[in-house]
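Down below is the structure, laid out as structure tokens.
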Amino acid sequence: MNNLNLITPNLIPVYPEIFLLVATSAILLIDMFLSDAKRMLTYWLSLLALAGCAALTLKGFNGPTVYTFNNMFVSDPLAQLMKLVSYIAVAMTLVYSRVYVNDRGIVGNQLGGEFYSLALFALLGQMVMISGNSLLSIYLGLELMSLALYALVALRRDHTASTEAAMKYFILGALASGFMLYGMSMIYGATGALDLPLVFQAIASGQVDHTILVFGLVFIVAGLAFKLGVVPFHMWVPDVYQGAPTAVTLLLGGAPKLAAFVIAYRLLVEGLLPLAIDWQQMLLVLAVLSLAIGNITAIAQTDLKRLLAYSSISHMGFMLLGLLSGVVGNNLYAAPNAYSSALFYAITYVLTTLGTFGVILLLARAGFEGDKLEDLKGLNQRSPWFAGIMMVLMLSLAGLPPTVGFYAKLSVLQASLATGQIWLPVLAVVFSLIGAFYYLRIIKLMYFDEPADATELKAGFDVRVLLSINGVAALALGLWPGMLMDVSAKTMVTTMSSFLSNVIH
């Protein structure tokens, strides 16, 4: 009888994922036996699970790049940083959503413990995506995240707008997943490899049919564009943002954007960098269309969540400017600056968006969503502090100094100048000026209009503290952006260096 020599994979880099899977399964089981009145236990256990994941990730932070599971999983500086930011984003989402979820969990049993467990399962999918070093592991992570998000959008079963949004999200999401899977199968068929370094080597060898590669690339970019929510694959974004419960909209607008950015980097840079000339042209079209349609269409919106959805489309277009500026004339000298600017932009955008939806959730109460523009009227009279936080966040989204949004846009514009296409940053600035209109309109409503509801805006201690930190951070990172910029730059330089050395060896 032959002995099977099974190689045990190194599990240390996967400890955060294993811990989160076990913790989420346990939370799901515990929640089954809790009454609605004791649902807060699920909330605290979810935050405790996130803290445990953060502790495990921090333990290996700034360590060497490690590959495991036959090189399908990588733990590198980019993965560690983005996982930590994702934990923070999901934790902020849970804190901001606590009152909203509890109110609607008791009334009609529409939202409850399943919100927390599905949010954690979505995070697990994001973590697998972030550490994916193979077409297979990236796709598995993507599907785990997507299935959890589909269920979250559909939680309000008796709400017509939610069920309609969930159907649109599911059908279009399945179509986009099919696009990406078909593109990956074309790349695999052409290169004979699933691991990104091997795909890179096969394409760089020049032995592969370029037509088949580009054909597969088109489908992969289409799938990525859907997950990022950029034009022309943006149709689901405003409908899903508007139809989903506000707590779920907050979840959609946060951590998944970070994971989508990372898989765009993994696939396009680490796997398909030799095809940069082809995918940069595609991203250029997506970025320009997203900046134009996102900013112009947002002006006509009266629903706050739809407005922020179109705002998200324009911001993802801005982030793509950073991604497409890395390779200039087959030279990588501009790559670390370009990719670190896109990384910085993604992190700061998510930080600002979380705070914005945090204020919207404050306006919501039982039977009232608080997601119309007129609901912000006279917010300064109801709560000067929260109005001030919202103003800082709006100025940051508009890209005005001294907020962090200004430096995020400035770094991307500087990176895009390296391409030699001066018209591109000029066009981005023009559309940003157009976009500033609807952000300034929100500030005008808060400070110069009379409130329709004059009741004082109240929030729990945890929400007040976190929202205050969120607003102050958007301002402080604008006044002292150097630290986060340095972290982003160091992360991208180290990640790219370790990947390229792995490819060469």
**OP:** Determine whether the range 416-437 contains at least one residue that is more than 30 Å from Ala335 (Cα to Cα), of a type outside the set (A, V, I, L, M) and either touching a residue at least 24 places away in the same chain (Cβ under 8 Å) or in contact with a helix residue (DSSP H, G or I) (Cβ under 7 Å, 6 or more places away or on another chain) (or both).
**Re:** yes
Original post:
Within the range 413-446, restricting attention to residues that are among the β-branched types (Val, Ile, Thr) and surrounded by fewer than 18 Cβ atoms within 10 Å (Cβ to Cβ), which residue is farthest from Ser396 (Cα to Cα)?
Top reply: Ile422
Original post:
Are there any pairs, at least 6 apart or on different chains, whose C-beta atoms fall under 9 Å, with the first in the range 247-275 and closer than 23 Å to Val90 by Cβ and of a type in the set (Asp, Glu) and the second part of a loop (DSSP other than H, G, I, E, B) and open to solvent by 10 Å² or more (accessible area, probe 1.4 Å), and if so, which?
Top reply: none
Original post:
Got a number for residues in the range 244-302 being among the hydroxyl-bearing types (Ser, Thr, Tyr), over 15 Å from the mean Cα position of the chain (by Cα) and open to solvent by less than 20 Å² (accessible area, probe 1.4 Å)?
Top reply: 2
**OP:** Considering only the range 447-484, state which residues are open to solvent by 60 Å² or more (accessible area, probe 1.4 Å) and under 22 Å from the mean Cα position of the chain (by Cα).
**Re:** Ile469, Val472, Leu475, Met483
Original post:
Taking the condition modelled with pLDDT under 90 and touching an Asp or Glu at 6+ places or on another chain (Cβ under 7 Å), does Ala452 pass?
Top reply: yes
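Conditions (1) of a type outside the set (A, V, I, L, M, F, W, C); (2) in contact with a Pro (Cβ under 9 Å, 6 or more places away or on another chain); (3) at pLDDT 90 or above; (4) under 29 Å from Glu270 (Cα atoms), marked per residue:
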{"site": "Leu142", "(1), (2), (3), (4)": "no, no, yes, yes"}
{"site": "Leu147", "(1), (2), (3), (4)": "no, no, yes, yes"}
{"site": "Ala161", "(1), (2), (3), (4)": "no, no, no, no"}
{"site": "Glu164", "(1), (2), (3), (4)": "yes, no, no, no"}
{"site": "Gly173", "(1), (2), (3), (4)": "yes, no, no, yes"}
**OP:** Give me a count of the residues in the range 374-385 that are in a helix (DSSP H, G or I) and either within 14 Å of His315 (Cα to Cα) or open to solvent by 10 Å² or more (accessible area, probe 1.4 Å) (or both).
**Re:** 7
Subject >> Residue that is modelled with the lowest pLDDT, among those in the range 325-352 that are open to solvent by less than 10 Å² (accessible area, probe 1.4 Å), over 15 Å from Met82 (Cβ atoms) and within 21 Å of the chain's Cα centre (by Cα) >> reply: Gly326
Original post:
If Asp239 satisfies every condition in (1) within 30 Å of Leu304 (Cα to Cα); (2) more than 21 Å from the chain's Cα centre (by Cα); (3) among the charged types (D, E, K, R) but one, which is the exception?
Top reply: (2)
Original post:
Taking the range 397-430 only, how many residues are more than 16 Å from Leu376 (Cβ to Cβ), within 22 Å of the chain's Cα centre (by Cα) and in a helix (DSSP H, G or I)?
Top reply: 13
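The values are calculated or read from the model by the stated rules, or taken from the named source; none is laboratory data. The structure presented is a predicted model; accordingly, all values stated were derived computationally and were not measured. So basically every Cβ, Gly included, is an ideal-geometry build from the backbone, and we count neighbours across all protein chains shown. These area figures cover heavy atoms from the full protein model, side chains too; ligands, DNA and RNA do not enter into them. Shrake-Rupley method; radii C 1.70, N 1.55, O 1.52, S 1.80 Å.
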